[in-house]
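Below is one structure; the comments refer to it alone.
The values are calculated or read from the model by the stated rules, or taken from the named source; none is laboratory data. Please read all numbers here as calculations on a predicted model, not as lab measurements. Virtual Cβ from ideal backbone geometry, glycine too; neighbours counted across all protein chains shown.
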Amino acid sequence: MQEIPTPSKKQPSHPLDDLIRTDRLPHIWCPGCGIGTVFSACLTALKVSGINLRKTVMVSGIGCSGRAAGYVKLDSFHTTHGRAIPFATGLKLANPELNIVVFSGDGDLFAIGGNHFIHAARRNMDMTVICVNNLNYGMTGGQVAATTPHLAKSTTTPVGNPETPFNLPLMAYACGATYVARWTMLHIRDLTDSITEAICKKGFSFIEALSPCPVNYGRRNKQKPLDMLKLYQEKAIIKNDADPSTLDIDFEKGIILGKFVDLDRQTFTEQYDKIYRPSRLQENVSELSS
Amino acid sequence: MKPAVLTGEYFMTGDVACAEGALAAGCRFFGGYPITPATEIAERMAIRLPHVDGCFIQMEDEIAAMATILGASWGGVKSMTATSGPGFSLMMENIGLGICTETPCVVVNVQRGGPSTGLPTHGAQSDMMQARWGSHGDYEIIAMAPSSPQEIFYLTITAFNLSEKYRLPVLIMTDEIIGHMSEKVIIPEAKLIKTVSRPKPKGRKDHFKPFAPGPNGVAPMPAAGEGYNLHITGLTHDEKGYPVMAVETQAEMMARITEKIQRNLDDIIRTDSFLLDDAEIVVVSYGISARTSMAAVAEARKLGIKAGLLRLVTIWPFPEDQIRTLADRVKGFVTVEINLGQIHREVERCAGGKVPVFLVGHPGGTIIHPDSVVKVLKEAF
């Protein structure tokens with residue numbers, strides 16, 4: 001008979017502990033929530049990417065996903081509802097050396113903050129935007145969002161959602177994003193790889209991470225906590241380079257995942273320097289050659 | 001490449017002088033959105049900032065413009081935006097974030113007639129209470145009102161200096177008339193301009209508390225990317241910057257953001273006067289209205305009325321003590337402002353019923369003629 005080891009008093013450290021404000025745990029996310037998984041994919045990606053973490057900033061808006069900025073041990077800003085992207089724009093323009101990761105939810109980035117998203121993508125502002133899409137407003141108790149499927153129930157669409165949800169990758173592509181991918185939190189390795197690529201990619205990169213909200217979305221739509229994960233597994237169709245116009249989420253037919261856009265376009269700062277601050281470009285060139 | 005300080009004598013509008021004051025103060029980032037009558041400030045900054053290694057961006061709306069200047073400030077750069085009433089309304093959300101996160105920056109409101117779209121091309125002074133209370137919650141704010149293009153040049157520098165010293169958004173409440181008026185503006189040599197920058201922290205980075213007050217009640221402020229692992233939130237937070245949803249933390253944070261202003265009133269409040277020493281009737285005014293009031297006071301003196309002018313340069317925090325002291329010795333006050341009585345209420349509050357307070361105001365669209373002030377000075381007392 002094997003002897004049961006006595007548990008050591010000191011908890012073993014987690015490999016991501018150095019990127020987490022462990023003094024802020026436990027976190028606020030509910031049991032069955034997928035945000036933590038997307039968050040750890042993001043932290044792993046930050047490590048793997050090899051970027052200078054001292055010069056890396058996480059910016060969030062308001063909502064469940066918006067709390068990520070409060071747990072990451074980097075310079076981190078928890079801003080106002082929907083305004084993470086313009087706040088991050090100010091940081092980036094003040095100090096172009098900073099690597100910017102915006103981590104927020106679908107309600108924050110695409111309803112109240114939708115205007116900022118489309119313009120930052122159009123400008124090709126050099127930042128990585130990670131949207132945790134849980135199909136509803138979780139923090140306030142499960143209201144309809146701009147991403148809630150048609151006919152799905154929420155506290156503010158008690159009989160079913162009369163509206164049509166956004167196709168987020170299509171919007172990002174149409175607005176000029178240079179990198180667009182979608183995964184679910186179940187596809188953790190693909191998601192981590194995509195976030196790593198996005199962080200290393202110059203320009204506006206966007207990743208949609210589908211994530212379950214069993215407490216507020218699942219409960220009202222006859223889904224048990226694991227049901228959404230089963231859908232992610234059974235209905236996922238991995239199709240890199242898929243036409244962005246075909247990416248509407250349809251839990252019946254299938255959810256198309258993959259990397260859809262990866263192209264090169266000059267960033268706002270590159271264009272601004274070229275047109276307005278040519279002396280700064282010359283300085284950069286001389287720094288590189290020296 | 002033009003220098004940041006354009007030393008020389010100019011014929012300049014208030015809007016352009018404001019932009020030049022900002023550059024002289026060290027502003028290197030402007031996030032803007034076009035709006036009459038403030039657009040010329042953005043236009044000037046768009047031309048000038050790249051020449052001084054700064055950055056201009058026109059955002060998608062005023063909400064975003066205000067958010068970018070907060071971000072830029074945490075990026076380590078002095079930043080500004082300029083707008084008018086409708087845009088000022090949109091900025092209120094992130095002005096609150098700036099107050100809560102103690103972020104230095106300057107917001108200019110070139111006031112026009114309101115409410116709503118109102119009178120885009122005509123001046124008013126009707127956002128004065130919005131400047132004080134426009135964002136939700138309790139807070140202290142600093143707001144200043146220039147009376148000429150020359151003064152807006154200097155006050156913009158003062159606004160930046162106070163904002164850096166006390167770590168909060170500082171408001172310049174000018175108006176369409178000053179903004180579009182051209183007058184002589186003298187820009188001094190750069191070495192004669194005193195600029196203040198936020199105190200930087202010293203010591204260990206791993207135990208740094210971004211909201212632990214220093215000697216004057218204000219915490220030193222690092223920038224993002226300097227290795228402090230800052231966490232900055234608009235939630236109620238402790239000295240470490242961490243959110244804490246507790247009555248005690250709310251009380252402590254509110255004390256930090258209000259006391260740093262309340263304890264330094266002598267350093268912050270600026271007023272000016274004209275024939276005030278022996279005055280029996282005090283005209284209280286600011287901005288463009290203080291100039292017409294000055295003409296009215298001079299006219300009243302000719303008629304033998306002992307009138308004087310108290311010109312408010314700092315509007316918020318309100319110079320309560322000065323009004324209270326005057327209320328003990330004068331016969332009454334006349335508030336002159338282009339609105340229906342906003343600062344008037346403050347004067348009434350501080351006069352405390354000891355002496356009468358009259359208002360000369362109108363709903364906006366033009367200046368207040370000195371004759372209408374003289375009429376009240378003649379008839380009311």
Test result for B:Ser135, over 28 Å from A:Phe77 (Cβ atoms) and among the polar types (S, T, N, Q): no
Cβ-Cβ under 8 Å pairs, at least 6 apart or on other chains, segment B:325-338 side assigned by TED's automatic domain parsing to the domain that holds B:Ile305, far side of a type in the set (D, E, K, R) and crowded, with 24+ Cβ neighbours inside 10 Å: B:Ile338/B:Asp175
Odd one out for B:Met129, checked against (1) touching a residue at least 40 places away in the same chain (Cβ under 8 Å); (2) touching a Ser or Thr at 6+ places or on another chain (Cβ under 9 Å): (2)
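Hey, among B:Lys205, B:Lys200, which residue is surrounded by fewer than 19 Cβ atoms within 10 Å (Cβ to Cβ) and within 26 Å of the chain's Cα centre (by Cα)?
Going through B:Lys205, B:Lys200 in turn, the sole match is B:Lys200.
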Tabulated pairs, segment B:99-112, first within 17 Å of B:Arg198 (Cβ to Cβ), second of a type in the set (Phe, Trp, Tyr) and modelled with pLDDT of 95 or more, C-beta under 7 angstrom, 6+ apart or interchain: B:Ile99/B:Tyr139; B:Glu102/B:Phe211; B:Thr103/B:Trp74; B:Val106/B:Phe160
Scan of segment B:151-176 for residues that are part of a helix (DSSP H, G or I) and farther than 16 Å from B:Leu23 by Cα, ordered by number: B:Lys165, B:Tyr166, B:Glu176
Criterion: of a type outside the set (Phe, Trp, Tyr) and in contact with a His (Cβ under 9 Å, 6 or more places away or on another chain) - qualifying residue of A:Gly160, A:Gly218, A:Gly203, A:Gly176: A:Gly160
Counted residues, segment B:315-342 - those being under 18 Å from the mean Cα position of the chain (by Cα) and within 20 Å of B:Phe381 (Cβ to Cβ): 1
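Residues are listed down the side, and each one gets a yes or a no for (1) within 26 Å of A:Asp18 (Cβ to Cβ); (2) touching a residue at least 40 places away in the same chain (Cβ under 8 Å); (3) within 8 Å of chain B (Cβ to nearest Cβ); (4) not in a helix (DSSP H, G or I):
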| site | (1), (2), (3), (4) |
| --- | --- |
| A:Val48 | yes, yes, no, no |
| A:Ile51 | yes, yes, no, yes |
| A:Val57 | yes, yes, yes, yes |
| A:Gly66 | yes, yes, no, no |
| A:Ala69 | yes, no, yes, no |
| A:Ser76 | yes, no, yes, yes |
| A:Pro86 | no, no, yes, no |
| A:Gly90 | no, no, yes, no |
| A:Leu93 | no, yes, yes, no |
Criterion: within 14 Å of chain A (Cβ to nearest Cβ), farther than 24 Å from A:Tyr272 by Cβ and buried (at least 24 other Cβ atoms within 10 Å of the Cβ) - qualifying residue of B:Gly75, B:Gly98, B:Gly71, B:Gly54: B:Gly98
Options B:Met181, B:Met129, B:Met91, B:Met80: the member that is aliphatic (A, V, I, L, M) and closer than 21 Å to B:Phe318 by Cβ: B:Met129
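Quick grid of which residues meet (1) within 14 Å of the chain's Cα centre (by Cα); (2) of a type in the set (A, V, I, L, M); (3) more than 23 Å from A:Thr147 (Cβ to Cβ); (4) at pLDDT 95 or above:
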| site | (1), (2), (3), (4) |
| --- | --- |
| A:Cys33 | no, no, no, yes |
| A:Leu46 | yes, yes, yes, yes |
| A:Val59 | yes, yes, no, yes |
| A:Gly66 | yes, no, no, yes |
Filter pass, A:Asp264 being in contact with a strand residue (DSSP E or B) (Cβ under 9 Å, 6 or more places away or on another chain), surrounded by fewer than 18 Cβ atoms within 10 Å (Cβ to Cβ) and in a loop (DSSP other than H, G, I, E, B): no
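Residues are listed down the side, and each one gets a yes or a no for (1) surrounded by 19 or more Cβ atoms within 10 Å (Cβ to Cβ); (2) farther than 23 Å from B:Ala143 by Cα; (3) at pLDDT below 95:
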residue	(1), (2), (3)
B:Gly8	no, yes, no
B:Ala17	yes, no, no
B:Ala22	yes, no, no
B:Tyr33	yes, no, no
B:Ala38	yes, no, no
B:Met59	yes, yes, no
